[in-house]
Amino acid sequence: MDLNASLDTLKGIGSKTCALFEKAGISTLEELIGYYPRTYERYEEPVAVAAVREGDFVSVCGRLLGPLETRYIRGLSISTGIVSDGLESLQLSWFNMPYLRNSLKSGVPYIFRGRIRAKGARITMEQPSVFRVEQYQGLLGTMVPVYTLVKGMTSQMISKAVRQVLSDKQLLSDALPEEIRARYSLAEYNFSIEQIHFPRDEQSLQAARRRLVFDEFFYFLLQLRGLKEVREKAENRFAICERPEPEQLLGSLPYKLTGAQQRVWRAIGQELTGHSVMARLIQGDVGSGKTIVSFLAMVQVAANGLQSALMAPTEVLARQHFAAFTALMEQNGFPFGAVLLTGSMTAKQKREAYALIESGEASVVIGTHALIQEKVVYHSLALVITDEQHRFGVRQRETLSQKGELPHTIVMSATPIPRTLAVILYGDLDISVINEMPANRLPIKNCVVNTGFRKKAYEFIRKEVEAGHQAYVICPMVEESEAIDAENVIAYTEALRGELPLSFSIEYLHGKMKPREKNEIMERFLANEIQVLVSTTVIEVGVNVPNATVMLIENSERFGLAQLHQLRGRVGRGDAQSYCIFMHTNDGKQIRERLDILCKSNDGFEIANRDMQLRGPGDLFGVRQSGLLDFALADIYTDADTLQQANEAVGTLLKEDPKLLAPGHQALKKKYERLLLRQNGQISL
């Protein structure tokens with residue numbers, strides 16, 4: 001069986017199923033076995049209703065006290081019922097499953113399995129799976145894989161296909177050299193692939209995961225070393241000299257740059273005029289002033305008759321950068337033309353933008369992924385800037401760079417990564433840190449509370465909105481089903497509308513919405529047409545809304561500290577005092593201590609270091625930095641030791657065999673080259 005073979009070589013998989021899998025990014029057998037579970041259903045003994053607590057994911061055995069009731073809210077059906085174990089009762093609720101009313105019978109024993117939530121004084125099990133008692137007995141003690149799904153797919157479809165591939169025991173060769181496996185005590189690849197999909201126990205799962213995490217880091221770092229080698233040999237081919245325009249721009253600002261901003265700008269200014277091509281990472285907290293530094297660099301380049309391109313991860317952010325830059329140009333009377341290029345623009349608008357870019361009339365190009373489309377031809381691209389770099393692939397960054405003749409590169413990131421890890425993860429870049437906040441910024445006031453304070457939190461939001469401000473409410477992803485994610489936010493929004501005045505505009509935002517819908521919601525929020533925005537973490541990389549002064553983060557214990565810090569950076573962007581409320585559903589001492597770190601510090605780098613120290617093996621499939629350095633399994637905080645080992649292994653390997661030509665390295669070389677072709681930018685940094 002060939003790993004490059006299409007899925008339709010498997011029994012029972014036809015064209016329709018292939019099309020479904022392709023939507024999830026699975027086209028070949030290799031991509032299938034590399035599509036790892038995102039969590040596991042661990043089937044444990046049912047617990048008594050009296051023992052359940054908010055936030056638990058448990059199984060309960062009981063009988064329904066009556067038929068389910070179904071009501072409809074804005075096209076969303078909500079079915080509810082009461083289950084009793086003979087001593088205590090518990091409410092059950094399902095979204096968009098009205099058919100359960102006919103299939104579940106009162107008085108019959110069932111096992112209900114789901115997440116416990118507090119609804120006022122009553123606790124509810126949300127979206128529980130339902131099992132017959134004998135059916136559940138057959139699952140006890142097992143770990144069943146749960147995969148990220150697209151509509152029409154099931155985890156069972158994926159696991160069945162994976163089992164078929166893994167039945168060929170001769171299929172997978174281990175490309176990692178034996179000396180590396182032995183040095184770092186790594187499990188064999190076939191064992192790891194089988195156990196990551198179908199673990200026989202927790203110990204086997206941990207060993208498999210560690211090996212596959214090592215692989216992710218190892219191949220990623222091999223790729224980075226190649227980029228660094230190219231950079232180090234590159235000479236600056238652009239005649240860029242110092243110009244007065246950046247200083248004029250600085251003089252027109254209503255504030256003075258912080259010392260850290262000035263240091264970074266001096267370093268960039270020197271490199272633009274130096275002998276080598278610049279490749280620099282600017283790290284700094286949300287709101288630390290990275291953007292103005294990048295604007296200064298673009299002005300310097302434009303004043304020398306050359307072009308710059310700034311790529312942002314969202315259209316809303318690209319439009320905001322464009323508006324801010326053009327306002328500064330007009331204010332200073334600079335003749336540098338700027339053009340916006342995004343995917344939602346009409347064909348005519350894009351053609352006009354392409355013409356301005358190719359002719360050189362546009363000195364500055366600001367946009368999204370549209371900047372790297374084939375149709376975009378640059379006149380004299382000398383500087384490439386990517387904002388929120390961990391949202392883009394290394395290959396995407398390189399694709400933009402290849403639009404010019406080895407242009408200078410600036411990468412901006414608000415992701416708080418400890419320097420020891422940043423040096424590894426951004427191995428092809430020099431690193432600058434903006435570690436001071438602007439003087440006019442008031443520190444965000446934080447509090448950690450349990451769900452008993454929810455009413456007070458809503459009252460606080462009401463007062464802030466009545467004072468003319470705006471608020472965010474963040475809900476986590478629902479682990480049990482990707483499809484419920486949107487419904488969870490919608491249901492929360494409906495509940496919040498019942499708690500706050502009718503005059504407030506309360507809307508929701510989630511990852512399943514189309515880009516156009518997301519842009520529209522964020523534009524309305526920016527214009528204060530929406531006062532309260534209920535959202536998943538899609539706003540983590542978002543627009544600057546200075547009028548937003550309060551953020552409530554539900555289930556905050558389910559996020560990593562670094563991600564919580566980035567989320568709260570969406571407030572505190574204006575002159576008014578801002579607040580962040582971290583609400584948790586588990587009153588455990590360890591959780592409170594962990595969240596209290598956020599109350600004691602607003603320094604992202606200090607928090608990232610504490611996060612790295614606190615996270616351990618127990619967190620492997622728990623709290624994870626969603627979207628942060630988008631590896632399939634690896635988490636740079638939990639897996640910091642493995643990252644450092646992989647970096648050491650790559651360094652030793654390339655020192656001894658830089659071209660991977662040694663007899664024992666042929667399989668590694670072949671796999672690495674195949675991964676480069678397949679990934680084509682899918683590994684993000």
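The values are calculated or read from the model by the stated rules, or taken from the named source; none is laboratory data. Note that the structure is predicted; figures quoted are calculated from it, not measured. Here the Cβ is made from the backbone with ideal geometry for all residues, glycine too, and neighbour counts use every protein chain on show.
Observations, loosely collected:
- Residue that is modelled with the lowest pLDDT, among those in region 11-29 that are under 24 Å from A632 (Cα atoms) and of a type in the set (A, V, I, L, M, F, W, C): A24
- Pairs where the first residue, in region 207-226, is outside the structural domain of G34 (by TED's automatic domain parsing) and the second is of a type in the set (K, R), C-beta under 9 Å, 6+ apart: R211/R181; Y219/K671; Q223/R395
- Taken over region 434-448, the residue count meeting the criterion of being more than 15 Å from V550 (Cα to Cα) and not in a loop (DSSP other than H, G, I, E, B) is 1.
- Within region 505-528, the set of residues being under 14 Å from A471 (Cβ atoms), out of contact with any helix residue (DSSP H, G or I) (no Cβ under 7 Å at 6 or more places or on another chain) and not in a helix (DSSP H, G or I) comprises S505, N528.
- L65 vs. criteria of a type in the set (A, V, I, L, M) and under 31 Å from the mean Cα position of the chain (by Cα): no
- Taken residue by residue, region 58-72 has no member that is closer than 28 Å to Y99 by Cβ, among the β-branched types (V, I, T) and at pLDDT below 90.
- Flag if I180 is in the same structural domain as F217 (by TED's automatic domain parsing) and touching a residue at least 60 places away in the same chain (Cβ under 8 Å): yes
- Qualifying residue in region 238-249 (condition: more than 22 Å from L328 (Cβ to Cβ) and in contact with a helix residue (DSSP H, G or I) (Cβ under 9 Å, 6 or more places away or on another chain)): yes
- Elements of type helices (runs of 4 or more DSSP H) in region 86-167, at least 2 residues being touching a Ser or Thr at 6+ places or on another chain (Cβ under 8 Å): 100-103
- Condition check for I431: assigned to a strand (DSSP E or B), farther than 30 Å from L496 by Cα and either modelled with pLDDT under 90 or in the same structural domain as D611 (by TED's automatic domain parsing) (or both): yes
- Qualifying residues in region 121-165 (those that are in contact with a helix residue (DSSP H, G or I) (Cβ under 9 Å, 6 or more places away or on another chain) and among the small types (G, A, S)) - the one modelled with the lowest pLDDT: G152
- Count - residues of region 444-466 that are closer than 23 Å to C599 by Cβ, modelled with pLDDT of 95 or more and of a type in the set (A, V, I, L, M): 2
- Residue within region 556-564 that is surrounded by 24 or more Cβ atoms within 10 Å (Cβ to Cβ), touching a Phe, Trp or Tyr at 6+ places or on another chain (Cβ under 6 Å), modelled with pLDDT of 85 or more and assigned by TED's automatic domain parsing to the domain that holds A467 present: yes
- If you filter region 183-213 down to residues that are outside any helix (DSSP H, G or I) and not small (G, A, S), you find that the one that is nearest to Y147 (Cα to Cα) is F198.
- Boolean, Y378 is surrounded by fewer than 21 Cβ atoms within 10 Å (Cβ to Cβ), more than 20 Å from P515 (Cβ to Cβ), modelled with pLDDT of 90 or more and among the aromatic types (F, W, Y): no
- T39 touching a residue at least 24 places away in the same chain (Cβ under 8 Å) and over 22 Å from V146 (Cβ atoms): no
- Residue check for L3: part of a loop (DSSP other than H, G, I, E, B) and over 30 Å from the mean Cα position of the chain (by Cα): no
- Hits in region 583-607 - residues which are in contact with a Phe, Trp or Tyr (Cβ under 9 Å, 6 or more places away or on another chain) and buried (at least 22 other Cβ atoms within 10 Å of the Cβ): M583, L595, L598
- Residue within region 225-246 that is surrounded by 18 or more Cβ atoms within 10 Å (Cβ to Cβ), hydrophobic (A, V, I, L, M, F, W, C), at pLDDT 90 or above and assigned to a helix (DSSP H, G or I) present: no
- Residue that is closer than 23 Å to I444 by Cβ, of a type in the set (V, I, T) and surrounded by 23 or more Cβ atoms within 10 Å (Cβ to Cβ), where the choices are V299, V286: V286
- When the residues of region 267-303 are filtered to those that are over 18 Å from D603 (Cα atoms) and of a type in the set (D, E, K, R), the one that is modelled with the highest pLDDT is E271.
- Leading residue by the ranking (farthest from N450 (Cα to Cα)) among those in region 52-80 that are small (G, A, S) and touching a residue at least 24 places away in the same chain (Cβ under 8 Å): G66
- Residues in region 263-286 that are under 15 Å from I240 (Cβ atoms) and part of a strand (DSSP E or B): S276, R280.
- Across region 247-262, the qualifying residues are those that are in a loop (DSSP other than H, G, I, E, B) and among the hydroxyl-bearing types (S, T, Y), and the one among them that is modelled with the highest pLDDT is T258.
- Enumeration of residues in region 308-325 that are surrounded by fewer than 24 Cβ atoms within 10 Å (Cβ to Cβ) and either outside any helix (DSSP H, G or I) or hydroxyl-bearing (S, T, Y) (or both): P313, T314
- Qualifying residue in region 539-561 (condition: closer than 30 Å to R53 by Cβ and free of Cβ contacts under 8 Å to residues at least 40 places away in the same chain): no
- Pick from region 82-113, criterion on the phi < 0 side of the Ramachandran plot and small (G, A, S), ranking: surrounded by the fewest Cβ atoms within 10 Å (Cβ to Cβ): S103
- So N528, is it within 21 Å of K445 (Cα to Cα) and surrounded by fewer than 21 Cβ atoms within 10 Å (Cβ to Cβ): no
- Residue count for region 168-182 satisfying the condition of being in a helix (DSSP H, G or I) and of a type in the set (A, V, I, L, M, F, W, C): 2.
- Cross-chain or 6+ apart pairs with Cβ under 7 Å, region 364-375 first and closer than 10 Å to A312 by Cα, then part of a helix (DSSP H, G or I) and hydrophobic (A, V, I, L, M, F, W, C): I366/A318; I366/F322; I366/F325; G367/A318; T368/A318; L371/L400
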